[in-house]
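S.K.: Sharing a structure, written as structure tokens. Questions coming.
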Amino acid sequence: MAKQKESIKTVTIIQKLIKEGKKKISKLELGSLGLDVTQKNILVRNVKLEKDLVFSDWYFSIIDKKADLDGNQISENPKLLKRIQNHYEGGSRTINFTELINDFNIYTTATDINIGNFNLNSLLRLSVYDINLIDKKKSISGKWIDNVVDAVKVKEALHKFQFERAMLKLSEVQLNKELESHFKEFFETVKKGDTTNEGLVDLNIGNGKFVIEMKLSREAKKSSETDRAVGQVDKYKKHFPEQFMIVVFGDDSDREEKGIHALSRKVNESKGIYQFISPHP
């Protein structure tokens, strides 16, 4: 099977014929495109041209049904994902074959395609793909929706946060901003603390389903700050019973500091969640 040197003109003509529904091309036409017709098979990006052993025609077939005509994976097409999101958000639950062909260079016989949090299925359909959410607990952007937010999901997301040693120098405000951006990759609603929670917390996830207060160990280990932080825990327990997390960021050497240990004990006694995050090795 030969992958020949291609020209943009050749690729454009071959892809145009396929998008028009053509199944074959004559030997004469193929030769005029500068392709070597002495080969048994010819590859043009994601298209295979196969010589008919009896007649002089060459037949088209798609090599990878989960890729566009250029060979790019359909599941990794951000523009297509955005189009599907727009369709779904606008109330449409289908996308036409012609839209995929004309706008995204996609010509495929695949009946089942996943992209983002969507499944496209054309089984028993003639000219459209049905659009369905894969995980109904997630939004069209693939983020957890508010009413399924819980401690397990928040902890999983937190543990994926890339806390680097250089971040030890960040202020609490700066680090909180980094953490907010990180959580927004996983959850539909992430807000900074505001008057709705009396300014008690740094981050509100899932419209109050779970809240996070962040501390820096270099500050929290000071006796005055420890007393203040321990006193705040009673307020968290009152306003967000079993729905709050205290996250302390710092050098691993601070983990067993007296003040840090006191804060950890208080949070656990109050049925909150305590996490100490040190830089990745």
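What follows draws every value from the coordinates through simple rules; no lab data is involved. On a predicted model such as this, the values are computed, not experimentally measured, just so you know. As a convention, Cβ positions derive from the backbone with ideal geometry for all residues, glycine included, and neighbour counts pool all protein chains shown.
S.K.: Order these by the 10 Å Cβ neighbour count, fewest first: SER253, SER278.
M.R.: SER253, SER278
S.K.: Stokes-Einstein D for segment 2-62 at 20 °C, 1.002 mPa s, Kirkwood Rh over Cα pairs, in µm²/s?
M.R.: Here the translational diffusion coefficient equals 188 µm²/s.
S.K.: Here is a further query. Just to be sure I understand: of the beta bridges DSSP finds with both ends in segment 146-277, what percent are antiparallel, rounded to 5?
M.R.: Restricted to segment 146-277, the bridges split so that about 35 percent are antiparallel.
S.K.: Counting other beta carbons within 10 Å of each Cβ, put LEU53, LEU158, LEU100 in order, fewest first.
M.R.: Ranked by crowding around the Cβ, least crowded first: LEU53, LEU158, LEU100.
S.K.: Another one. Indicate, rounded to the nearest 5 percent, the antiparallel portion of the DSSP beta bridges found entirely in the chain.
M.R.: Of all bridge pairs located within the chain, approximately 70 percent are antiparallel.
S.K.: Starting from 0 in steps of 5 Å, tell me what percent of the Cα-Cα pairs of segment 146-277 lands in each bin.
M.R.: Answer for segment 146-277: a P(r) of 2, 11, 23, 24, 23, 14, 4, 0 percent.
S.K.: Pull out the extension gain between GLU185 and LYS271, defined as 0.36 nm times the separation in residues minus the alpha carbon to alpha carbon distance; nm, one decimal.
M.R.: Values: separation 86, 0.36 × 86 = 30.96 nm, distance 2.70 nm.
Once the chain is fully extended between GLU185 and LYS271, it gains 28.3 nm.
S.K.: Still on this structure: Taking 2.2 N^0.38 Å as the expected size of a compact globular protein, what ratio does the Cα radius of gyration of the chain give against it, to two decimals?
M.R.: It is 1.51.
S.K.: Subtract the Cα-Cα distance of SER127 and SER224 from 0.36 nm times their separation in residues, and report this length gain in nm to one decimal.
M.R.: Extra length available between SER127 and SER224 comes to 28.1 nm.
S.K.: Let me ask you something else. Tell me the label-point distance for the pair THR94, TYR59, using the 7 Å Cα-to-Cβ offset, in nm and rounded to one decimal.
M.R.: My value for the distance between the label points is 3.0 nm.
S.K.: For a Förster distance of 30 Å, can you work out the FRET efficiency between the beta-carbons of GLU256 and LYS177, rounded to the nearest 0.05?
M.R.: So, using R0 = 30 Å, E works out to roughly 0.60.
S.K.: Moving on to the next point. When the Kirkwood hydrodynamic radius is evaluated over all pairs of different C-alpha atoms of segment 74-133, what value in angstrom, to one decimal, is obtained?
M.R.: Kirkwood hydrodynamic radius for segment 74-133: 11.3 Å.
S.K.: What FRET efficiency would be calculated for the residue pair ASP234, VAL152, taking the C-beta separation as r and a Förster radius of 30 Å, to the nearest 0.05?
M.R.: 0.75
S.K.: Let me ask you something else. How much length is gained if the chain between LYS16 and VAL37 is pulled fully straight, taking 0.36 nm per residue apart and subtracting their Cα-Cα distance, in nm to one decimal?
M.R.: 5.6 nm
S.K.: Put +1 on the Cβ of each Lys and Arg and -1 on the Cβ of each Asp and Glu in the chain; which of LEU33, LEU203, THR109 then has its Cα farthest toward the positive end of the dipole?
M.R.: Of LEU33, LEU203, THR109, it is LEU33.
S.K.: Can you pull out the GluC sites (Glu not before Pro) in segment 113-184 whose DSSP state is coil and whose Cβ has at most 15 other Cβ atoms within 10 Å?
M.R.: Filter output for segment 113-184: GLU164.
S.K.: Per residue of the chain, what 222 nm ellipticity follows from adding -39500 (n - 2.57) for every DSSP H run with n ≥ 4, rounded to the nearest 500?
M.R.: Roughly -9500 deg cm²/dmol at 222 nm, from the helical runs in the chain.
S.K.: Is there a quick way to get the dipole size of the chain? I mean about its Cα centre, with the Cβ of Lys and Arg at +1 and of Asp and Glu at -1; what is the value in debye to the nearest 20?
M.R.: Here the size comes out at about 540 debye.
S.K.: Further question on the same structure: Pop a pseudo-label 7 angstrom from the Cα along the beta-carbon direction at both GLN73 and LYS23 and give the gap in nm to one decimal.
M.R.: Those two pseudo-labels are separated by 3.2 nm.
S.K.: Which distance in nm do the two modelled labels at LEU168 and ARG83 give, with both placed 7 Å along the Cα-to-Cβ direction?
M.R.: Label-label distance for LEU168 and ARG83, simple model: 5.0 nm.
S.K.: Farthest toward the dipole's positive end in segment 146-277, which of VAL230, VAL248, GLN162, given Cβ charges of +1 (Lys, Arg) and -1 (Asp, Glu) about the Cα centre?
M.R.: Selected residue: VAL230.
S.K.: If you look at just the Cα atoms of segment 1-158, how large are its Rg and its Dmax in Å?
M.R.: Expressed in Å, the Cα Rg and Dmax of segment 1-158 come to 19.9, 67.
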